[in-house]
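Comments concern the structure below.
The values are calculated or read from the model by the stated rules, or taken from the named source; none is laboratory data. Fair warning: this is a prediction, and the values are worked out from it, not measured in the lab. A quick note on method: Cβ atoms are made from the backbone with ideal geometry, for glycine too, and the neighbour counts reach across all protein chains shown. We work out accessible area using only protein heavy atoms, side chains counted, and drop any ligands, DNA or RNA first. Shrake-Rupley method; radii C 1.70, N 1.55, O 1.52, S 1.80 Å.
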Amino acid sequence: MSARLFYLLPVMLFAVVAGYFAWGLTDPDRDPNKVPSAMVGQPIPEMDLPPVEGLDLPGLSSADLKDGRATLVNFFASWCVPCRAEHPLLMALAEEGELRLVGVNYSDAPAAAVAFLDELGNPYELVGFDPRARTGIDFGVSGVPETFVVDAEGMIRYQEIGPLTDKILEERLRPIIEELGG
Amino acid sequence: MSLRAGLAALCLTLLLAGPLQAVEPSERLDDPVLEERARVLSQNIRCLVCQNESIDSSNADLAKELRVLVRERLVAGDTNDEVYAYLVRRYGDFVLFEPPMKPTTYLLWFGPALLLLVGGIGVGVFFRHQRATAAAPAPLSEAEQTRLARLLESDRPAASEPPERT
């Protein structure tokens with residue numbers, strides 16, 4: 001009897017390993033290309049970004065994000081195609097007015113950034129200019145677009161690496177917006 | 001050129017080829033000691049855009065900016081660990097190619113040794129079991145003894161029956 005169990009051992013091992021593989025390959029939250037956020041739960045890094053030249057909006061500093069309002073911080077660039085894809089969603093969020101939207105223009109040229117916002121609309125109250133991605137690095141940004149939600153005290157509550165989609169908005173962002181907005 | 005000379009030339013070329021690097025002359029530090037430290041650090045820092053390249057070998061803008069940043073931190077007097085910590089605080093452990101030793105990574109670090117140990121014990125138990133069974137075969141029971149005797153008896157060629165041919 002025990003010998004027969006012994007021969008079943010490889011099959012059982014296979015089942016366990018295959019189970020883990022199936023879990024890892026099918027669960028979208030376990031995508032190995034997705035880097036887990038190290039920034040959630042940390043206060044926002046120090047920054048004092050100048051405005052984008054030619055854009056009629058003030059720049060962005062850390063103090064702006066600690067003035068008691070919940071804020072969505074969006075890193076974008078005019079050359080970034082997924083930014084274009086998520087832009088209508090940001091416009092809709094700005095329209096809704098539940099939280100303030102600010103932008104960081106990442107590794108971009110001012111004229112191109114102005115043209116980008118002229119074409120697609122401007123959802124931001126403030127836009128900081130970060131031509132060398134230094135503030136991006138301080139936020140742990142590895143590429144655009146990335147989006148952070150910062151609470152009223154300037155703590156980072158959420159980081160989305162990659163473009164926002166309706167699904168991400170409803171499933172992950174919305175609960176946090178409601179918690180902070182309420 | 002003969003084949004042998006060609007092969008020798010190829011080997012020599014491969015031997016002399018340095019590791020791939022993307023560090024631009026303008027990024028280099030004047031202090032050779034600091035520059036060497038920056039190179040060693042850069043080789044263990046992941047470029048998060050290309051993910052399987054170090055910032056030392058990547059041409060991505062972010063990698064370039066991180067190389068400059070690593071050098072700035074070194075010039076400011078950071079130790080190697082402080083530079084790593086600075087990046088890990090922002091990008092997580094993923095930014096390092098060599099995962100740090102901590103409770104959540106013990107299995108990663110010691111797992112292979114553990115598997116070897118378990119496998120070794122398994123093999124040991126198996127051989128010991130085999131030797132034990134081989135050394136002491138169970139004595140034949142009385143029924144087996146008589147059966148053996150009968151078989152041996154019947155194996156003797158009987159004079160009356162000719163050997164069977166097939």
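Here are a few things to note about the model shown:
- Solvent exposure of region A:26-157, expressed per residue, is 43 Å² of accessible area, with all protein chains present and a 1.4 angstrom probe.
- Hz values of 3J(HN,Hα) by residue in region B:36-44 - Karplus curve (6.51, -1.76, 1.60), Gly and Pro given as x: 4, 4, 4, 5, 5, 4, 4, 6, 9
- Compared with the dominant principal axis of the Cα atoms in chain A, helix A:2-26 is inclined by about 10°.
- Selected from B:63, B:76, B:138 as most flexible by GNM, with chain B as the system and alpha-carbon contacts under 10 Å: B:138
- Helix-only CD estimate at 222 nm, as mean residue ellipticity for chain A, using -39500 (n - 2.57) per DSSP H run (n ≥ 4): -11500 deg cm²/dmol
- Cα-based reach from residue B:102 at 12 Å (exclusive), listing aspartates and glutamates while leaving out same-chain residues under 8 positions away: B:93
- Cut-off under 5 Å, modelled amide H: who pairs with residue A:126 long-range: A:103
- Region B:64-139-region A:120-175 distance, computed between alpha-carbon centres (Å): 34 Å
- GluC sites (Glu not before Pro) restricted to DSSP loop in region A:1-105 with at most 13 other C-beta within 10 Å: A:46, A:53
- Inter-chain neighbour count for A:133-146: the average number of beta-carbon atoms from partner chains within 10 Å of each residue's beta-carbon is 4.
- J(HN,Hα) series, region B:106-118, from Karplus relation 6.51 cos²θ - 1.76 cosθ + 1.60, nearest Hz, glycine and proline x: 4, 4, 5, 6, 9, x, x, 5, 5, 4, 4, 4, 4
- When B and A come together, around 1300 square angstrom of accessible surface is lost from both chains combined, probe 1.4 Å.
- Ranked from largest to smallest solvent-accessible area, with a 1.4 Å probe on the protein heavy atoms, B:65, B:142 come out as B:142, B:65.
- Residues whose placed amide H lies under 5 Å from that of residue A:55, excluding near-sequence neighbours: none
- Formal net charge of residues neighbouring residue A:137 (Cβ-Cβ distance under 10 Å; K, R +1; D, E -1): 0
- Two-site FRET efficiency, residue A:119 against residue B:107, from Cβ-Cβ distance with R₀ of 41 Å, rounded to 0.05: 0.20
- Mean partner shielding of peptide B:79-92, defined as the number of other chain Cβ atoms within 10 Å of each residue Cβ, is 3.
- Long-range amide H partners of residue B:57 with built H, under 5 Å: B:22
- Contact order normalised by residue count of chain B, Cα under 8 Å, 6+ apart, percent: 14 percent
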